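The values are calculated or read from the model by the stated rules, or taken from the named source; none is laboratory data. Here the structure is a predicted model, which means the values were calculated and not measured. All Cβ positions, even for glycine, are placed from backbone atoms using ideal geometry, and neighbour counts span all protein chains on display.
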Amino acid sequence: MTEKKHKLERLTGVKGMNDILPSDTGLWEFFENTVKAILHAYGYQNIRTPILEHTPLFRRSIGEVTDIVEKEMYSFVDSLNGKQLTMRPENTAAVVRSAIEHNLLYDGPKRLWYIGPMFRHERPQRGRYRQFHQVGVEALGFVGPDIDAEIILICQRLWNNLGLRDIRLELNSLGHKHERAAHRDQLIIYLERYIKLLDHDSKNRLYTNPLRVLDTKNPALQDIAANAPKLIDFLGDESLAHFEGLQSLLSANNISFTINPRLVRGLDYYNMTVFEWVTNKLGAQGTIGGGGRYDLLIKQLGGKPALACGWALGIERILELLRENNLVLSNDGCDVYIVHQGETARIRAFSIAEQLRNIGLDVILHCSVDNASVSFKSQMKLANASGATYAIILGDNEVWQDEVSIKPLRGNREIMDNAQQRVPVKSLVDFLAKVIAIPQKKEGISYNHK
Ligand code: HAM
């Protein structure tokens, strides 16, 4: 009887959740480093909260009648203890939860930032994923509008430092709760006139969350939404002064913006300032990021009342813009790739690699892939492909003479006298220090020994 061969089913990733491969992580790291340097420059502190939170946190903060809570949350019951959990669809609620739980505002306001994956069960398409990444800031305990302007300036600096020029700022004010309530009454009366034309979602929201109807993406409803009563016409003196104060600060800092009276954002916790950064370069998913004030959320989640504002940016969309702009990253290969042949050379190569790493160089040491020895030629091909600046070569000849050969692989040939040269092992570090700008190590650690 022939043995039936079972072909193993090949597993794939989850739809809408992407692998970020090594060919792409250089761009991610470039972005992360750029944004972190800016956040640091504005005095923001990093906060890291878990991926999973109790489901009621998001229902209470984002709002029951929102796309996120109604349709997009990855929620499940923990079968081990029956708890309702949700994979965070956004991070404002979790940061506020954490700030309350750890009493972070006990000694004054806080400027916080985060970066990481968020999860929304949306229909995947370009720029819209089920696992996506945000970087965000939450400034807790400030009244504004100066802090509103500050967080917008951070974004503008980010676009400048990334060389992105096609992103525009849209602003609106949602005012106070009582102002929204007065507007809501008029909005319902207006929308009732068009009830037959409204789509399923808009009908559903007419009495529960009519502001959301203004946010509709349905092309058939654009005219109705555009002619609806505008919230800005219902704002009182205090809200208007806040909004105008923000606009003056932005103008004084050369930030251009347009006021979009229909901008309401897709989450319910906002009041007063709201804003979005938008581009025409990415098709349907042109919103790069957004945010605003959420002065009631901390109280609503059980904390001591404190004012707050923040934003989050979609990292995938920013990287897509960088790719659209043909951003070229400088070579991010290592400094040195060491090729070697023979047992003695292998041992010496290890110690040379460690010495070079000690002085701050990035070094790849050739390691065997099987038990056969690999020719110098093949090793040199690998060295070249690695993007390394120099190859260090250690063969029998070099070993006997206590030397190494150094071959520049790219861009640095003029610095060395000839294409390949021999250097005694004992002067290798000095030699490389001369030809490679060794990075000054900024960060260090020290221990407090009691
Ligand atoms: P949001 O507008 O829901 O706001 O999301 C911010 C950004 O995340 C969006 O503008 C977009 O760039 C990106 N984004 C959202 N969903 C997806 C997706 N499915 N795929 C790819 N990118 C996506 C918030 O999340 C608020 N927490 C912002 C905030 C912070 N407000 C105050 N503080």
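Would you point out the residue of the stretch 316-349, among those that are in a loop (DSSP other than H, G, I, E, B) and closer than 16 Å to Glu403 by Cβ, that is farthest from the chain's Cα centre (by Cα)?
If we take residues in the stretch 316-349 being in a loop (DSSP other than H, G, I, E, B) and closer than 16 Å to Glu403 by Cβ, then Gly342 is farthest from the chain's Cα centre (by Cα).
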Practice prompt. Please work out if Ser239 is in a helix (DSSP H, G or I), at pLDDT 90 or above and farther than 19 Å from Asn271 by Cα.
Written response: no
Item to complete: Tell me which of these Ala308 doesn't satisfy, since it passes every other one: (1) within 11 Å of the ligand (Cβ to nearest atom); (2) within 18 Å of Arg60 (Cα to Cα); (3) out of contact with any Phe, Trp or Tyr (no Cβ under 9 Å at 6 or more places or on another chain).
Response: (3)
Worksheet item: Out of curiosity, is Gln247 assigned to a helix (DSSP H, G or I) and more than 23 Å from Glu276 (Cα to Cα)?
Response: no
Worksheet entry | Exclusive hit being surrounded by 14 or more Cβ atoms within 10 Å (Cβ to Cβ), modelled with pLDDT of 90 or more and of a type outside the set (Phe, Trp, Tyr), set Ser386, Ser427 | Ser386
Worksheet entry | Neighbours by Cβ (under 9 Å, 6+ apart or cross-chain): first from the stretch 161-176, at positive phi; second polar (S, T, N, Q) | Gly163/Asn325; Gly175/Ser239; Gly175/Asn271
Response to the item:
Among Thr25, Thr55, Thr86, the single one that is among the polar types (S, T, N, Q), surrounded by 12 or more Cβ atoms within 10 Å (Cβ to Cβ) and in contact with a helix residue (DSSP H, G or I) (Cβ under 8 Å, 6 or more places away or on another chain) is Thr86
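Listed here are the residues, each with its yes/no results for (1) more than 29 Å from the chain's Cα centre (by Cα); (2) among the aromatic types (Phe, Trp, Tyr); (3) buried (at least 17 other Cβ atoms within 10 Å of the Cβ).
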site	(1), (2), (3)
Phe119	no, yes, yes
Asp148	no, no, yes
Gln156	no, no, yes
Lys177	yes, no, no
His183	yes, no, yes
Ser202	yes, no, yes
Fill in: Residues satisfying the stated conditions in the stretch 285-298, i.e. aliphatic (A, V, I, L, M), crowded, with 20+ Cβ neighbours inside 10 Å and over 15 Å from Arg168 (Cβ atoms)
Leu297, Ile298
Worksheet item: Is it the case that Arg128 is surrounded by 19 or more Cβ atoms within 10 Å (Cβ to Cβ) and of a type in the set (D, E, K, R)?
Response: no
Worksheet item: Taking the stretch 262-278 as the search range and keeping residues that are assigned to a loop (DSSP other than H, G, I, E, B) and near the ligand (Cβ under 10 Å from one of its atoms), which one is surrounded by the most Cβ atoms within 10 Å (Cβ to Cβ)?
Response: Tyr270
Practice prompt. Would you check which residues across the stretch 323-347 are in contact (Cβ under 8 Å) with a residue 24 or more places away in the chain, polar (S, T, N, Q) and surrounded by fewer than 18 Cβ atoms within 10 Å (Cβ to Cβ) and list them?
Written response: Asn325, Asn331, Thr344
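Residue by residue, here is whether (1) touching a residue at least 24 places away in the same chain (Cβ under 8 Å); (2) surrounded by 20 or more Cβ atoms within 10 Å (Cβ to Cβ); (3) more than 22 Å from Arg168 (Cα to Cα) holds:
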{"residue": "Thr208", "(1), (2), (3)": "yes, no, yes"}
{"residue": "Asp215", "(1), (2), (3)": "yes, no, no"}
{"residue": "Phe234", "(1), (2), (3)": "yes, yes, yes"}
{"residue": "Gly283", "(1), (2), (3)": "yes, no, no"}
{"residue": "Gly302", "(1), (2), (3)": "yes, no, yes"}
Worksheet entry | Criterion: within 16 Å of the ligand (Cβ to nearest atom), more than 19 Å from Phe275 (Cβ to Cβ) and either crowded, with 16+ Cβ neighbours inside 10 Å or not assigned by TED's automatic domain parsing to the domain that holds Gly43 (or both) - qualifying residue of Arg123, Arg97 | Arg97
Worksheet item: Can you find a residue in the stretch 294-308 that is part of a helix (DSSP H, G or I) and hydrophobic (A, V, I, L, M, F, W, C)?
Response: yes
Discussion item. I'm told Leu313 meets every condition in (1) away from the ligand (no atom under 11 Å from the Cβ); (2) at pLDDT 95 or above; (3) under 27 Å from Gly266 (Cβ atoms); (4) not in a loop (DSSP other than H, G, I, E, B) except one. Can you identify the failing condition by its number?
Written reply: (1)
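Assigned to a strand (DSSP E or B), within 12 Å of the ligand (Cβ to nearest atom), modelled with pLDDT of 95 or more and not hydroxyl-bearing (Ser, Thr, Tyr), is that true of Leu112?
Yes.
Keeping to the stretch 62-72, report how many residues are in contact with a Ser or Thr (Cβ under 7 Å, 6 or more places away or on another chain) and of a type in the set (S, T, N, Q). Please lay out each step first, then the result.
If we filter the stretch 62-72 for residues that are in contact with a Ser or Thr (Cβ under 7 Å, 6 or more places away or on another chain), which is where we start, we get 65.
Next cut, of a type in the set (S, T, N, Q) only: none.
Going through the stretch 62-72 one residue at a time, the tally reaches 0.
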Practice prompt. Could you grab me the full set of residues in the stretch 282-296 that are within 18 Å of Asp268 (Cβ to Cβ) and within 9 Å of the ligand (Cβ to nearest atom)?
Written response: Thr287, Gly290, Gly291, Gly292, Arg293, Tyr294
